[in-house]
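**Student:** This is the structure I want to talk about, given as structure tokens.
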Amino acid sequence: MSIETMPLSKAINAGLRKAMQDDPKVLLMGEDIGPLGGVFRVTEGLSAEFGTGRVLDTPLAESGIIGTAIGLAMRGYRPVCEIQFEGFIYPGFDQITSQLAKLTFRHEGALSMPIVIRVPYGGHIGAVEHHQESPEAYFAHTAGLRVVSPSTPNDAYWMIQESIASNDPVMFFEPKSRYWPRGEVDVERNPLPLHATAVAREGSEVTVIGHGAMVTTLLQAADIAAEEGTSIEVLDLRSISPIDWEPILASVRKTGRLVVAQEAPGFVSVASEIAATVTERAFYSLESPVLRVTGFDTPFPPAKLESVYLPDADRVLEAVDRALAY
Amino acid sequence: MSYTAATIQLLSPEGSLVDSDAGAEYRQYIDELTDDQLREFHRQMVVIRAFDMEATNLQRQGQMALWVPSLGQEAAQVGSAFATRPQDHIFPAYREHVIARIRGVDPVDIIRMMRGVTHGGWNPAEHNNLHIYTLVIGSQTLHATGYAMGVKFDGASGTGDLDKDIATVVYFGDGATSQGDVSEALIFAASYQTSQLFFLQNNHWAISVPVTRQSPVPLYLRPSGFGIPGVQIDGNDVLASYAVSRKNLDETRVGGGPRFIEALTYRMGAHTSSDDPTKYRTNAEVQFWQERDPIARFETYLRSLGADDAFFAELAEEAADVAADTRKRTLEVVPPPNEFIFQNVYSEPHPRIDEQREWLAQYEASFGSDA
């Protein structure tokens with residue numbers, strides 16, 4: 001076993017390096033990803049190592065990045081595009097949803113679209129507008145895309161490589177508030193398939209589930225609850241589309257209660273989908289309604305209010321208490 | 001917006017060769033064409049017009065949801081298509097019926113798309129690199145540019161070998177020039193110095209909005225701001241379309257950087273079968289372009305070279321046969337099976353798709369064998 005300790009940003013960097021070493025058709029595209037290494041330094045050193053022919057500092061145009069990545073994929077390349085911040089993805093939204101997502105269907109399988117779009121997302125970093133949002137539901141709603149989000153350095157290292165190896169387009173959401181904390185990475189053994197949901201902490205009374213940075217909040221909530229004598233099971237969703245239902249249903253069958261948490265607004269969201277599906281498939285196991293703890297259905301507020309907007313451990317525990325009160 | 005002093009024209013609307021300084025550098029490409037090649041240009045224009053008119057009729061008779069006529073734009077398309085070489089890749093918009101046909105696509109595959117049985121219609125790899133239609137305006141310009149970037153990274157262009165270096169051609173219209181994607185494609189093409197030809201068919205109307213609303217200056221000037229040379233041609237002159245495309249394609253394929261051609265043509269029919277051009281344009285304008293018809297002038301030219309009545313009669317018969325065959329095979333097109341909905345949404349297995357496919361099969365089966 002070979003364990004290395006590194007932050008999530010470096011784990012993605014290591015995963016990208018490995019994928020580029022393994023397959024000469026993998027190339028990186030994005031704004032400021034060359035000598036600068038990206039605004040979060042995720043691609044640091046890769047331009048020097050692989051050259052500007054494989055790490056493309058592109059013009060500042062998101063639709064151009066995605067659209068030309070599509071052409072490159074048609075030519076046999078496996079582009080990995082970086083969107084600088086999630087709030088800047090919308091100029092590329094048409095190329096992602098109307099072209100990238102549908103080209104394999106439109107070609108009736110005659111071509112694949114092995115493109116990864118890396119998207120730093122989420123709050124907790126005190127940034128200005130358009131730099132703290134969680135737009136993953138838009139993409140999960142679009143057939144033809146796969147959507148994932150790692151929460152740990154180990155998952156980040158493996159999931160980026162699995163996403164690049166996928167012949168389908170993958171939206172790879174990186175929880176930017178988790179870029180810096182370090183964690184252990186097993187660089188020899190891949191723990192789980194790309195689309196598996198993981199049990200992050202076992203418990204017996206209430207199941208809580210989330211993805212990305214929210215998993216950290218859920219683990220904090222479980223710690224606090226344990227001190228108060230309540231056993232919470234924490235699930236790390238990892239894959240937003242498709243969703244790995246069986247571990248979620250198994251957990252709900254065990255605990256009878258489910259709280260779904262996310263930073264994104266709750267209306268028509270990943271949490272809505274989980275609540276609806278669990279209700280359909282585990283109705284007789286539920287002791288209480290599935291509850292959602294989410295961002296408000298408002299624009300992401302100015303940063304001084306983000307701690308009010310973003311669900312924290314207390315808001316998760318408030319929902320846990322409501323679930324237990326049924 | 002019509003012909004300007006800069007418009008390259010090699011064959012006049014009256015059907016005689018034009019001797020001009022501006023056209024001089026392109027004349028050699030015409031001089032190299034054989035009589036058989038010239039007749040093939042005409043054959044393709046006449047046949048596709050018959051096909052196109054039959055398709056319009058089929059739509060009017062309820063056999064297609066929509067038809068997108070190419071009537072009037074035959075010369076711009078035929079000339080540029082014959083200027084490509086076999087190794088080239090072509091990204092059409094959705095009106096390039098004769099280009100598709102020249103590259104080996106069965107035009108009934110285009111009808112299948114409009115008849116609601118496919119969103120694509122053919123595999124580019126099996127049809128001489130003719131990529132499928134793109135319906136969102138301008139999107140394909142970025143795909144073409146990315147493809148050309150890949151060609152360049154592969155070292156498959158810019159070597160100086162005209163028979164191997166790959167050029168990528170993308171077709172788009174005057175309306176598309178207002179789309180951000182087209183500007184971004186020009187930017188990426190210029191930045192990466194792709195071997196690429198931007199071929200703009202300015203047919204003067206984006207549905208009901210005139211080209212003057214898209215641009216106050218001639219569109220061939222647009223790319224100069226991106227560092228890409230542009231040239232304007234008489235798009236109803238198949239010789240100009242061929243020669244100017246041939247020259248620009250061969251210059252870009254060997255590494256001369258991206259090129260841009262604005263072909264001035266006119267959409268003689270409606271934008272699609274869903275619109276009514278009498279609401280927004282004048283008879284005088286239509287008449288102006290009627291007098292500059294691409295096929296009529298080329299027939300005059302071919303007659304001056306010795307083509308006789310028998311040639312044109314035979315061609316008319318062939319065109320009528322293609323139209324009849326199109327009608328027959330259109331009526332034979334059947335819907336795909338339900339299973340089609342779930343196929344190829346993803347390249348790799350996907351549990352949600354599998355569940356829904358299974359559900360639908362069980363639901364259908366629940367009606368019993370009589371259903």
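Quick note: the coordinates plus some simple rules give every number you see, no bench work behind them. Quick caveat: nothing in here was measured; it's all calculated off a predicted structure. All Cβ positions, glycine included, derive from the backbone under ideal geometry; neighbour counts span all protein chains shown.
**Student:** Which FRET efficiency value, to the nearest 0.05, is calculated for A:E228 and A:T52 with the Förster distance at 45 angstrom and r the Cβ-Cβ distance?
**Tutor:** Numbers: r = 56 Å, r/R0 = 1.24.
So the FRET efficiency works out to roughly 0.20.
**Student:** Moving on. At q = 0.16 Å⁻¹, work out log10 I(q)/I(0) for chain A with the Debye formula, treating every Cα as an identical point scatterer and leaving solvent out; two decimals please.
**Tutor:** Reported log10 I(q)/I(0), two decimals: -1.35.
**Student:** Further question on the same structure: Of A:V42, A:G15, A:P59, whose Cα points farthest to the positive end of the dipole of region A:1-114 (charges on the beta-carbon: +1 Lys, Arg; -1 Asp, Glu; origin at the Cα centre)?
**Tutor:** A:G15
**Student:** Here is a follow-up. So what's the net charge close to B:P229: Lys and Arg +1, Asp and Glu -1, counting the other residues with Cβ under 14 Å from its Cβ? Write out the running numbers ahead of the final one.
**Tutor:** Values: positive: B:R222, B:K247, B:R259; negative: B:E25, B:E251, B:E262.
The answer is 0.
**Student:** Calculate the spin-label point distance for B:K328 paired with B:R27, positioning each point 7 Å from the Cα along the beta-carbon direction, and give it in nanometres.
**Tutor:** For the pair B:R27/B:K328, the computed spacing is 4.7 nm.
**Student:** Measure nothing but the geometry: give the 0 to 90° angle between the long axis through the Cα atoms of A:270-281 and the longest principal axis through the Cα atoms of chain A, rounded to 10°.
**Tutor:** Helix A:270-281 sits roughly 60 degrees off the main axis of chain A.
**Student:** If one computes the Cα centroid of region A:141-216 and of region A:244-275, what distance in Å separates the two points?
**Tutor:** So the two Cα centres are separated by 16 Å.
**Student:** Let me ask something else. On C-alpha positions alone, give me the angle between the axis of helix A:8-22 and the longest principal axis of chain A, in degrees, nearest 10.
**Tutor:** 40
**Student:** Here's a follow-up. Relative to the Cα centre, what is the charge dipole magnitude of the protein assembly as shown, using +1 at the beta carbon of each Lys and Arg, -1 at the beta carbon of each Asp and Glu, and rounding to the nearest 20 debye?
**Tutor:** Working: 56 positive and 92 negative charges, 83 e Å.
Computed about the Cα centre, the dipole is about 400 debye.
**Student:** Suppose only helical runs count, i.e. DSSP H with n ≥ 4. What mean residue ellipticity at 222 nm does that imply for chain B under -39500 (n - 2.57) per run, divided by all residues and rounded to the nearest 500 deg cm²/dmol? Mind showing how you got there, number by number?
**Tutor:** Details: 13 runs with 165 residues, N = 371.
Taken over chain B, the calculation gives -14000 deg cm²/dmol.
**Student:** Moving on to the next point. Count the net charge of all other residues whose Cβ sits under 12 Å from the Cβ of B:Y266, scoring Lys and Arg as +1 and Asp and Glu as -1.
**Tutor:** Taking every Cβ under 12 Å from that of B:Y266, the sum is -3.
**Student:** What ranking do B:F188, B:F312 get, fewest neighbouring Cβ atoms within 10 angstrom at the top? Could you put the intermediate results ahead of the total?
**Tutor:** Working: B:F188 28, B:F312 15.
In order of increasing Cβ crowding within 10 Å: B:F312, B:F188.
**Student:** How far apart, in nm, are two points set 7 Å out from the Cα along the Cα-to-Cβ line at B:D275 and at A:A165?
**Tutor:** Here the modelled spin labels are 5.0 nm apart.
**Student:** Projected area of region B:21-332, taken from the Cα convex hull and averaged over every viewing direction, in nm²?
**Tutor:** Result: 15.7 nm².
**Student:** Here's something else I'd like to know. Place +1 on the Cβ of every Lys and Arg and -1 on the Cβ of every Asp and Glu in the protein assembly as shown, take the dipole about the Cα centre, and give the residue among B:T145, B:S12, B:V117 whose Cα lies farthest towards its positive end.
**Tutor:** The listed residue farthest towards the positive side: B:S12.
**Student:** Okay, next question. If you place +1 on the Cβ of every Lys and Arg and -1 on the Cβ of every Asp and Glu, how big does the dipole about the Cα centre of chain A come out, in debye to the nearest 20?
**Tutor:** Working: 26 positive and 42 negative charges, 147 e Å.
Rounded to the nearest 20 debye, it is 700 debye.
**Student:** Further question: Extension gain A:D22-A:D186, at 0.36 nm per residue separation less the Cα-Cα distance, in nm?
**Tutor:** Values: separation 164, 0.36 × 164 = 59.04 nm, distance 1.80 nm.
Full extension of this stretch gives 57.2 nm more.
**Student:** So, one more: By count of other Cβ within 10 Å, fewest leading, how are A:V26, B:V322 ordered? Write down the numbers at each step before the final one.
**Tutor:** Working: A:V26 22, B:V322 18.
Ascending number of Cβ neighbours within 10 Å: B:V322, A:V26.
**Student:** At 20 °C and a viscosity of 1.002 mPa s, what translational diffusion coefficient does Stokes-Einstein give for region A:198-325, taking Rh as the Kirkwood radius over Cα pairs? Give it in µm²/s as a whole number. Could you put the intermediate results ahead of the total?
**Tutor:** Values: Rh = 14.4 Å.
Rounded, D is 149 µm²/s.
**Student:** Would you kindly calculate the translational diffusion coefficient of the protein assembly as shown, applying Stokes-Einstein with the Kirkwood radius from alpha carbon pairs, for 4 °C and a viscosity of 1.567 mPa s, and quote it in µm² s⁻¹ without decimals? Display every interim value, and only then the final one.
**Tutor:** Working: Rh = 27.7 Å.
Result for D is 47 µm²/s.
**Student:** Where does each of B:S273, B:S366, B:S139, B:S2 land when they are ranked from fewest to most other beta-carbon atoms within 10 angstrom?
**Tutor:** Working: B:S273 18, B:S366 8, B:S139 24, B:S2 14.
Listed from fewest to most nearby Cβ atoms, that is B:S366, B:S2, B:S273, B:S139.
**Student:** For region B:125-247, with only Lys/Arg (+1) and Asp/Glu (-1) charged at the beta-carbon, what is the dipole magnitude about the Cα centre, in debye rounded to 20?
**Tutor:** Its charge dipole is roughly 260 debye.
**Student:** All other residues with a Cβ under 15 Å from the Cβ of B:P218 taken together, and with Lys, Arg as +1 and Asp, Glu as -1, what is their net charge? Walk me through the numbers on the way to the answer.
**Tutor:** Numbers: positive: B:R213, B:R222; negative: B:D174, B:D234, B:E262.
In short, -1.
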